[in-house]
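Nothing in this text is a laboratory measurement; each read-out follows from the coordinates by a stated rule. The shown structure was predicted, so the numbers you read here are calculated from the model rather than taken from an experiment. In this analysis, Cβ positions are derived from the backbone assuming ideal geometry, glycine residues included, and neighbour counts consider all displayed protein chains.
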Amino acid sequence: MPSLPPSARHPALGRLLFLAVLWGCAWPAGKALAAPPESPAGWIGYNLHRTNLPGGRWANVRTNRAMLIRGNGAGNRLVGDPLLAEPGCWTQFVGWSPDGTLTILGQAWESAENARWEEEHQTFRFTADGWRYDSFLFDLQTGEAQNLTAVDRVSFYNTGLFFWNNDPSQLGFTALIDGNSKPFRMDRQGRHKVDLTKDSSGFAYGFSSSPDGRRISYHENYQVYLADADGKNRIHVQTGHPFVFAPRWSPDGKWLLFVSGEHYNCHPHIVRADGTGLKKLADRNGYRGVTEFLDVPDFHGGSSDIPAWSARGDRVFYTAQVDDRVELFEVALDGESRQLTHSAPGTTHYHPNPSPDGEWLLYGSNRRGVRNLYLRRVSDDRETPLTNLPYGYAAMHAHWQPTSQP
């Protein structure tokens with residue numbers, strides 16, 4: 001298996017750039033001056049993989065490793081090492097527990113034979129003997145890894161694990177069953193797994209719970225649905241478009257954000273939590289909405305690049321085409337937009353993700369063929385690199401730690 005760069009194997013040898021000391025901004029008259037934070041607190045989880053190994057998709061994807069890095073660029077290291085003990089496995093960073101003490105990791109394995117078949121036929125083939133994906137909780141302090149999707153197992157392919165909002169004793173995940181993807185709920189021990197779309201035969205994913213935990217959203221067959229937490233009282237969000245994808249709740253739970261339109265020609269839209277009040281927020285100006293994450297031919301065609309809510313829910317961050325570049329934008333709910341980046345020709349940005357405190361915007365950027373993570377301080381739009389990878393590696397899918405932990 002291809003080795004990781006020195007920065008991934010030996011944190012002390014990492015070539016990451018520390019964030020610069022940035023200037024402060026004035027508070028309203030009558031209050032003392034306060035400097036904005038020089039760097040974000042806590043950890044950031046992300047995924048690191050090779051991009052240019054010969055052999056197609058599987059040769060590169062199986063090098064994926066879940067990583068941690070400090071918000072100031074320090075401490076770059078692997079996380080979830082025990083999940084790599086089995087030959088042929090790779091890991092993915094998926095998210096965090098609400099208190100930031102546990103990481104959510106995916107462990108994937110695919111047989112070489114199945115990978116060759118997929119490359120030959122240019123499509124996925126998910127079978128129990130050819131694929132396995134499980135979702136783990138990994139304790140950063142003890143190193144204990146819990147495979148909750150293996151308890152009372154319902155599928156060989158279980159992704160998207162998350163803690164239920166407003167009820168951390170419950171978790172959600174998505175399981176592949178008889179060729180259909182289904183949203184499930186289970187308890188903290190991995191038991192009492194409940195299929196939330198048991199009366200539907202559609203392919204559902206993009207599953208999440210509302211901030212108060214009382215409702216869920218997901219897309220099924222490229223249409224967005226809302227339902228109660230038990231899956232009942234399902235509502236189809238009517239857009240009139242054939243492709244509706246990746247719903248995300250606003251922080252206050254009053255709105256749902258997604259992209260809508262046609263496949264590879266879809267744009268940020270919002271609706272109220274009851275599915276009414278559809279509004280197009282912005283246009284991506286010809287951007288397909290997919291960021292290529294390999295430098296070799298990829299039959300899957302890249303990673304979905306979807307919009308994200310600001311921490312306060314008053315704005316949305318998204319990416320759009322500007323000439324030969326993909327730039328970052330923000331748009332208010334009234335439709336007023338602002339271009340955040342003005343990049344060199346050929347640059348593409350991807351996966352915008354604001355910090356929980358709203359002070360920072362984290363995103364990926366492909367510059368001169370190298371995909372790294374960058375931080376943008378909201379107070380003054382100052383950008384600094386978070387990773388400094390060489391050509392042939394990529395940093396993607398970053399997740400903020402919810403609270404500052406030592």
TODO: Could you tell me whether region 127-221 comes out rounded, prolate or oblate from its Cα gyration tensor? Rule is a ≥ b ≥ c as square roots of the eigenvalues, rounded for a/c under 1.5, then prolate if a/b exceeds b/c, otherwise oblate.
DONE: oblate
Open item on the list: When a/c reaches 1.5 or more, the comparison of a/b and b/c decides; with that in mind, is region 251-406 rounded, prolate or oblate per its Cα gyration tensor?
Closed with: oblate
Task: Paramagnetic label zone (point 7 Å from Cα along Cα-to-C-beta, residue 111; backbone N under 20 Å) in region 296-319 - done: none
Open item on the list: Loop-only GluC sites (Glu not before Pro) in region 267-344, please: DSSP not H, G, I, E or B, and at most 11 other Cβ atoms within 10 Å.
Closed with: 336
Open item on the list: Given the DSSP H assignment, sum -39500 (n - 2.57) over each helix run of at least 4 residues in the chain and divide by its residue total; what's the result at 222 nm in deg cm²/dmol, nearest 500?
Closed with: -1000 deg cm²/dmol
- [ ] Return 274, 187 ranked ascending by Cβ neighbour count within 10 Å, so the fewest neighbours appear first.
- [x] 274, 187
- [ ] Round to a whole angstrom and tell me the spacing of the C-alpha centers of region 35-98 and region 211-243.
- [x] 31
Task: Long-range amide H partners of residue 325 with built H, under 5 Å - done: 346
Task: Whole-Hz ³J(HN,Hα) from phi, Karplus 6.51 cos²θ - 1.76 cosθ + 1.60, for region 176-187, glycine and proline x - done: 8, 10, 6, x, 10, 8, 10, x, 10, 10, 8, 8
- [ ] With a ≥ b ≥ c taken as the square roots of the eigenvalues of the C-alpha gyration tensor of region 136-190, please select rounded if a/c is under 1.5 and otherwise prolate if a/b is larger than b/c or oblate if it is not?
- [x] oblate
- [ ] Looking at region 345-397, send over the antiparallel percent of its DSSP beta bridges, to the nearest 5.
- [x] 95
Task: Violating pairs (Cα-Cα greater than 19 angstrom) within the set 198/254; 254/279; 182/254 - done: 198/254; 182/254
Open item on the list: Whole-Hz ³J(HN,Hα) for each residue in region 284-293, computed from phi via Karplus 6.51 cos²θ - 1.76 cosθ + 1.60 with θ = phi - 60°, x for glycine and proline: what do you get?
Closed with: 8, 6, x, 5, 6, x, 10, 9, 5, 10
Open item on the list: Out of the trypsin sites (Lys or Arg not before Pro) in region 322-395, which ones are loop residues according to DSSP with at most 15 other C-beta atoms within 10 Å?
Closed with: 368
Task: Inter-site label distance for residue 334 and residue 146 at 7 Å from Cα along Cβ, in nm - done: 4.7
Open item on the list: Taking loop as defined by DSSP and a crowding limit of 12 other beta carbons within 10 Å, which trypsin sites (Lys or Arg not before Pro) in region 190-294 fit?
Closed with: 191, 198, 232
Open item on the list: Based on alpha-carbon centroids, what's the gap between region 118-145 and region 314-340 in Å, whole number please?
Closed with: 34
